Amino acid sequence: MTVSVVTGGAGFLGSHLCDRLLGEGHQVICLDNLITGNVANIEHLAGNEKFHFIKQDVTEYIYLPGQVDFIYHFASPASPIDYLELPIQTLKVGSLGTHKALGLARAKGARFLLASTSETYGDPLVHPQPETYWGNVNPVGPRGVYDEAKRFAEAMTMAYRRFHGVDAKIVRIFNTYGPRMRAKDGRAVPAFVSQALDGDPITVFGDGSQTRSFCYVNDLLRGIMALARSEESGPINIGNPAEMTILQLAEKIIAMTGSASQIIHEGLPTDDPKVRQPDITLARTRLNWAPEIEVDEGLPITIDYFKSLR
Ligand code: UDP
């Protein structure tokens, strides 16, 4: 019996991870304080005797009896409007929460995987971003609460690895989309899809020339599972290098939904990165991983999910 703990297990990525781990026969303990997670994401697991949900803030001491083999630390507000509304909780879960989760890994002799982010690269001056790039982050800007919390989390993870010998790994997750995103989490994909389905104006921030590279959730999870199983410790980028401008994304979503919505332009948020694209050489060579689902396949599945909520 393998026992896996997923912090943030009721969130977008965390809940998909719980599904995968259960699919591999693991017993799964899901910890979430539900401030941005949603029980609807794990509702289908109720009654599964291998799944346990504990409503817990992971910044507080975590007590779990018995064996734990893997800890996946995914708890964090993760969209710009979430961490602007929850700045202190975002800093706390990246710092205190990571410390608690690592402490649990050490106590249990468990393997640990930190969900870090492409935001550690900030507004990057190197493009695409390899893991060796140290980033260009504004610590005192509004996004700093997320970026610096994750950078601290990486430093703490490395310290536990080096000093305490914890078998700890770091994945840097690039923009990921798919079913179970919150319609109103403020991120580009759910915002544009909801606006298109409602016939509301599509709010492109700035002139829309900023770029992102969107990875479908199943590809991301496959990469994370490959890292968890491997002897690599990272940091390792997982994302889809297919880069596009935000304006192109908006136009694509309008076309796919057949919406009559018009694009309007709103102010660019402070410190919004101008470009972002993962260099996935490391994941390709060390994990034998590459994304397989391009946006033309993944976006329609995501659009259908948002339609199903109506
Ligand atoms: N964006 C936008 N309109 C929206 C939401 C986001 O133009 O309604 C832009 C945002 O400014 C950024 C890009 O889309 O340049 C991706 O934003 P998101 O919040 O999805 O992710 P992140 O900025 O963290 O990559």
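Quick note: the coordinates plus some simple rules give every number you see, no bench work behind them. Remember, predicted model here, so these are calculated numbers, not experimental data. Because the Cβ atoms are built from the backbone with ideal geometry, glycine has one as well, and the counts that use them run over all protein chains shown.
Across every pair of non-identical alpha carbons in segment 198-310, the mean reciprocal distance, once inverted, gives a Kirkwood radius of 15.8 Å. Of all lysines in the structure, those lying under 18 Å Cα to Cα from K92, and not within fewer than 8 positions of it along the same chain, are K55, K100, K150. Calculated [222 nm] ellipticity per residue, helices only, for the chain: -11000 deg cm²/dmol; basis is -39500 (n - 2.57) per DSSP H run with n ≥ 4, divided by all residues, nearest 500. Across the chain, the convex hull enclosing all Cα atoms gives 120 Å³ per residue.
Taking only alpha carbon atoms, segment 1-82 gives an Rg to Rh ratio of 0.94, where Rh is the Kirkwood radius. Peptides 262-268, 110-116 ordered by packing proxy, namely the average of other Cβ atoms within 10 Å per residue, highest first: 110-116, 262-268.
Residue order for R162, R106, fewest other beta carbons within 10 angstrom first, comes to R162, R106. Amide H contacts under 5 Å for I202: Q262, I263, I264, restricted to partners 5 or more places along the chain or on a different chain, H placed in the peptide plane at 1.01 Å from N. For the peptides 73-81, 87-95, the ranking by mean Cβ contacts within 10 Å, running from highest to lowest, is 73-81, 87-95.
Between G47, G11, G141, the residue with the greatest mean-square fluctuation in the GNM of the chain (Cα pairs under 10 Å linked by springs) is G47. Each residue in K252, K55 was given a count of other beta-carbon atoms within 10 angstrom of its own, and listing them fewest first yields K55, K252. Going by neighbour counts of Cβ atoms within 10 Å, the residues S259, S213 line up, fewest first, as S259, S213. Any chance you could give the angle, 0 to 90 degrees and rounded to 10, that helix 12-23 forms with the longest Cα principal axis of the chain? The angle comes out near 50 degrees.
Put the Cα centre of segment 197-270 next to the Cα centre of segment 33-80 and the gap is 26 Å. Pick from A149, A260, A191: which residue has the top mean-square fluctuation in a GNM of the chain where Cα pairs under 10 Å get a spring? Comparing A149, A260, A191 in the GNM, the peak value goes to A260.
Between 0 and 90 degrees, the angle of helix 295-308 with respect to the longest Cα principal axis of the chain falls at about 90 degrees. Once both labels are positioned 7 Å from their Cα atoms along Cα-to-Cβ, the gap between E60 and T245 label points is 4.9 nm. For segment 119-229, the orientation-averaged shadow of the C-alpha convex hull comes to 9.0 nm² (one quarter of the hull surface).
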